[in-house]
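Enquirer: First, the structure itself, so that you have it in front of you.
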Amino acid sequence: MRFSELGLRAAINDAVDALGYVEPTPIQEKAIPLILDGCDIIGSAQTGTGKTAAFSLPILSRLGPNGPGPRCLVLEPTRELAQQTYDNFLKFARYTQLRVGLIYGGVGYGPQREALARGVDVVVATPGRLLDHLGQGTLRLDRTKFVVLDEADRMLDMGFLPDVRRILLKCPKERQTLLFSATIPPALETLCAWALHDPVKVEIGARRAPAETVRHVLYPVALAQKQALLLALLEQIHWESVILFCRTKRSADEVVNVLKRAHHKAAVIHSDRSQKERQQALEGFKSGYYEVLVATDVAARGLDIADVSHVINYEVPEHPEDYVHRIGRTGRAQASGDAFTLMTAGDAPHVAGIERFISKKVDRVKLEGFDYQYTALFDEQRLGSLADRKTRGVRLGKGYFYGPARKR
């Protein structure tokens, strides 16, 4: 099927053509006709599958000419996701007169108030700043016809669910509501039952499975050698760009300083950085100025960063879902990618949880030529073997392998 066959109006199809899109992805092919028909949706798809276009294109197609608004509200859990979704709406609305506004924290209120005063058809927002505008009377949602709750499980994790409920109470009951989430925990099931009307479930791919194009492995290492192994990995593997994940803001700051001392062009992004600093880091990484982007899980979900060759988990995530989302930053849109996780003895329970979640044992590997200190992790008996020893190293003993990543 081609985009021109999905029933989008001409101005939206023209924008799609100008962007070079020809065939919709599976989530787009399934979701767009349902949204055009007015259905509420609970959508799920693996990362990098074009979810934003799956809801923005049909909404823009149904909005029609300018009218009193806003008529569409899109809620995002982070500023970066809000900015990205806003940018996509602008691209898709380029041949219409529809106006799009962006509302998030960390920046001044003035430009946002001015944009709202001029009038907008679509508002893309984070919950906290949106509530501020509602409280100040600079924004009303009583004409909203479409509500999108994007990355809903992430909003739940970040404690935004009470805010989301307060916002939805400001919207008309007669509306079309679209919820996209990687997982549907019980709290979200309750929200869906309350906020959505007879929703259709659209699920593409296994929600617990990393993309098949991503090769992911574990590097066991003693805690004292973790930084040294990271630097050795970056010396030996063949990479173009790396997103490196840490659990805490403090750890992210420490690691970016280590990388800079080793003469790597690196930037850091986490919630204690100002919005200007976060945007500069993200844009610098996208443009290729920075080789390594060090991030907490604020960057794990949804961000559209093309051509990331490697993801490195400097610290194992506590939640298995975050592992899938982190390594999904590479191998996007059917491209290949590599994801490495540095594992210390204290990470063993979290790794076991990840392996149960994805129903697969992750291969343990060693970096050739690295002078390892002993760790009890090396005594583990693991099952399985690597299919391609030419690209993945040669067998050691006890289930371990030497070898850097495959050459590109």
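Derivation of every value follows stated rules applied to the coordinates shown; laboratory data play no part. Remember, predicted model here, so these are calculated numbers, not experimental data. Note that each Cβ is placed from the backbone with ideal geometry, even for glycine, and that neighbours are counted across all protein chains shown.
Enquirer: For region 3-204: lysine pairs with Cα atoms under 22 Å, gap of 8 or more or different chains, count?
Expert: For region 3-204, qualifying lysine pairs total 12.
Enquirer: Enter the Cα centre distance for the pair region 4-42 and region 234-290, rounded to the nearest angstrom.
Expert: The two parts, judged by their Cα centres, are 35 Å apart.
Enquirer: If we sort 368-377, 150-159 on the protection proxy, mean other Cβ atoms within 10 Å, highest first, what's the order?
Expert: On the way: 368-377: 12.5, 150-159: 20.7.
Sorting 368-377, 150-159 by mean packing, highest first, produces 150-159, 368-377.
Enquirer: In nm, what is the difference between 0.36 nm times the number of residues separating Lys361 and Arg94 and their Cα-Cα distance?
Expert: Details: separation 267, 0.36 × 267 = 96.12 nm, distance 4.65 nm.
Going from the current span to full extension adds 91.5 nm.
Enquirer: How much length would be gained if the chain were fully extended between Asp14 and Asp371, taking 0.36 nm per residue of separation minus their Cα-Cα distance, in nm to one decimal?
Expert: On the way: separation 357, 0.36 × 357 = 128.52 nm, distance 5.77 nm.
Stretched out fully, the Asp14 to Asp371 stretch lengthens by 122.7 nm.
Enquirer: Follow-up. Report the residues of region 1-44 in range of a label on Asp198: point 7 Å along Cα→C-beta, backbone N strictly under 13 Å from it.
Expert: 38-41
Enquirer: Given R₀ = 51 Å, what would the calculated FRET efficiency be for Glu283 paired with Asn66, taking r from the Cβ atoms and rounding to 0.05?
Expert: Efficiency at R0 = 51 Å is approximately 0.95.
Enquirer: Something else now. What are the ³J(HN,Hα) couplings of region 212-229, residue after residue, when phi is run through the Karplus curve with 6.51, -1.76, 1.60 and θ = phi - 60°? Round to Hz, x for glycine and proline.
Expert: 3J(HN,Hα) across region 212-229, in whole Hz: 5, 7, 9, 8, 10, 9, 10, 10, x, 7, 5, 4, 5, 9, 4, 5, 5, 5.
Enquirer: Sort 346-358, 74-86 by the packing proxy (mean of other Cβ within 10 Å over each peptide's residues), most packed first.
Expert: Details: 346-358: 16.1, 74-86: 23.9.
Taking the mean over residues of other Cβ atoms within 10 Å, the ranking is 74-86, 346-358.
Enquirer: Could you work out how far apart the two model spin labels at Thr248 and Leu223 are, taking each label as a point 7 Å from the Cα in the direction of the beta carbon, and quote it in nm?
Expert: In this crude spin-label approximation the distance works out to 1.1 nm.
Enquirer: Also, quick follow-up: FRET efficiency for Arg113 and Ser271, Cβ-Cβ distance as r, R0 = 35 Å, nearest 0.05?
Expert: Plugging the Cβ-Cβ distance into 1/(1 + (r/R0)^6) gives 0.90.
Enquirer: What does the highest-first list of 318-328, 172-182, 104-114 look like by mean Cβ count within 10 Å?
Expert: 318-328, 172-182, 104-114
Enquirer: Enter the angle in degrees (range 0 to 90, nearest 10) between the Cα long axis of helix 79-92 and the first principal axis of the Cα atoms of the chain, meaning the one along which they spread out most.
Expert: Here the helix axis deviates by roughly 60 degrees.
Enquirer: Name all residues of region 214-246 having a backbone nitrogen under 20 Å from the label point set 7 Å from the Cα of Ala345 along its Cα→Cβ direction, giving them as ranges.
Expert: Flagged as within label range: 218-230.
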